[in-house]
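Working notes, beginning with the structure itself.
The values are calculated or read from the model by the stated rules, or taken from the named source; none is laboratory data. Small disclaimer: the values here were computed from a predicted structure and weren't measured. Note that we place each Cβ from the backbone using ideal geometry, even for glycine, and neighbour counts take in every protein chain shown. These accessible areas exclude ligands, DNA and RNA; they are computed on the full protein's heavy atoms, side chains included. Shrake-Rupley method; radii C 1.70, N 1.55, O 1.52, S 1.80 Å.
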Amino acid sequence: MAGGQLNVLSTLDQAKTQWYHFMAIVIAGMGFFTDAYDLFCISLVTKLLGRVYYTDDSKDTPGALPPNVSAAVTGVALCGTLAGQLFFGWLGDKLGRKSVYGFTLILMVVCSVASGLSFGHTAKGVVSTLCFFRFWLGFGIGGDYPLSATIMSEYANKRTRGAFIAAVFAMQGFGILFGAIVALAVSAGFRHAYPAPSYSDDHAASLVPQADYVWRIILMFGTVPAALTYYWRMKMPETARYTALIARNAKQAAADMSKVLHTTIEESVGRVETVAVGGEEWGLFSRQFLRRHGLHLLATTSTWFLLDIAFYSQNLFQKDIFSKVGWIPPAKSMNALEELYRISRAQALIALCGTIPGYWFTVGFIEIMGRFWIQIMGFAMMTAFMLGLAIPYHHWTTPGHHTGFIVMYGFTFFFANFGPNSTTFIVPAEIYPARLRSTCHGISAAAGKAGAIIGAFGFLYAAQDQHKPEPGYPKGIGIKNALFVLAGTNFLGMIMTLLVPESKGKSLEVISQEVAGDEEEAAYPS
């Protein structure tokens, strides 16, 4: 154990909230804004891709992506994200948070543009190119998870740290909404410029050639917010905790934080030698780590895994659920651009009424309720609302009851975000030692993306009707039973949350056992 706390770290923990904290939230948050836009905008355009590249005018229904293609287009970015979380999480602890942070943003910008420029002479060629670039887009997005969370946790003071990290993650909600708004605006503009009949009225004329530009514009638009924040990311100094505890340069850490906090912080050269450096004597796979943080890692990985099965199933396949409960008309009754417009409008409404408020409720209440109770409550309410959708499912699908279904469905999003979708991101950035913080957050996030992949691929097949699946799909268990399965995963998440430690109001060094609690009291007198 350490002999006390470094001056620069105690100053950070006690610092008053000031302009630099808000700048850090915006800079890190815009990365998550872009991440959410890029990950979820694909769900808006998959039906349009099916119409553009797989329509057969001799059939009574418009084209749709074949099952394997739909799964690949939807899930390939998640696979890249999982790999990126593991790689950049590890790299963030080895090379520093800041030095890796800019590279992830460049990768996201380049691959987002390249996704929109996907080329090929055949449908298979275009989709293959799109999948290639979306994998590497996901790889860059993956790096943003551990780096943004770690940077924000290491900059923040201990009183408002949870709210600051939650605010960074809350930008994801605005990214989802922005994706829907962009799709709405682009589809509305093209509908006005190139009017077309519905598919049932004229198969060929319902799909205007210009529709091929629409999905490309939507995918590429995500580069704008990312590119705007690159300069500010590069201006951020390395976090004091990395510089002092891992790079072992307390004087430099004090100098960096003196500039941004507009105060004088003194630190002796030899002072860092008396402070424990988390994980230097033992690594991730050591007995010491297993003894101190083994249950913590089990808790953060399992809860994020279970949460993302449900969360990504809901998000990526909203359009399919809305169609099957009758909130969006049958595809053949619309032209290609009208279908995109209606899907975007539905997603925007859910984001505005359920998703975004949930994130900001977490920001407002996390330092009052704590991480543990928000996560328990969120999982419990998600379970309850999923059962509320599943048990009377046939009631919700009958005419006149669709609005009730959407309201209940919106509440599951609200309590996902005012609950485990936020806290599973926050807790891993707080409870692990500095030397392993980014790595362990990356592992936890990657477990979540493994759940997201199961949700993305599994729900696509599982939700198929037991008697009349869509063309090309095997029989599934139906949406009703799929909702029961998601309710079960949420309940398991609530059980595993019992292993999650409460980190509210504590210094990072105390939570991670780098400094003893009584030593913190000496460092931060009441």
Mind checking the angle between helix 250-261 and the chain's longest principal axis? C-alpha axes, 0 to 90 degrees, to the nearest 10. 60
A student applying the Cα gyration tensor rule (rounded when a/c is under 1.5; otherwise prolate if a/b is larger than b/c, oblate if not) would label segment 397-472 oblate
How far is helix 123-155 tilted, in degrees, relative to the longest principal axis of the Cα atoms in the chain, given as a value from 0 to 90 rounded to the nearest 10? 30
Let's see if you can work this out: charge +1 on each Lys and Arg Cβ, -1 on each Asp and Glu Cβ, no other charges. What is the dipole magnitude of the chain about its Cα centre, in debye to the nearest 20? 280
A correct Karplus calculation of ³J(HN,Hα) over segment 451-456, with 6.51 cos²θ - 1.76 cosθ + 1.60, θ = phi - 60°, whole Hz and x for Gly and Pro, returns x, 5, 5, 4, x, 5
Cβ-based charge dipole, the chain, positive-most Cα from Met23, Gly222, Thr263: Gly222
In Å², and per residue, what accessible area does segment 399-526 have when probed at 1.4 Å with the other protein chains present? 35
If you find the alpha carbon centre of segment 148-187 and of segment 1-74, how far apart are they in angstrom? 10
For n ≥ 4 DSSP H runs only, could you compute -39500 (n - 2.57) per run for the chain, divide by its residues and tell me the 222 nm figure to the nearest 500? -23500 deg cm²/dmol
Report, in degrees rounded to the nearest 10, the 0 to 90 angle that the Cα long axis of helix 223-235 makes with the longest principal axis of the chain. 10
When a/c is below 1.5 the answer is rounded, else prolate if a/b is larger than b/c, else oblate, so apply that to segment 120-209 with a ≥ b ≥ c taken from the square roots of the Cα gyration tensor eigenvalues. oblate
Which of the lysines could be linked to Lys124 by a straight reach, that is with a Cα gap under 20 Å, when you skip same-chain ones fewer than 8 residues away? Lys47
Cα-Cα longer than 24 Å, checked against Lys235/Lys449; Lys158/Lys251; Lys98/Lys259, kept in input order, equals Lys235/Lys449
Among Thr34, Val168, Val100, flag the residue with its Cα farthest along the positive direction of the charge dipole of the chain, charges on Cβ as +1 for Lys/Arg and -1 for Asp/Glu. Thr34
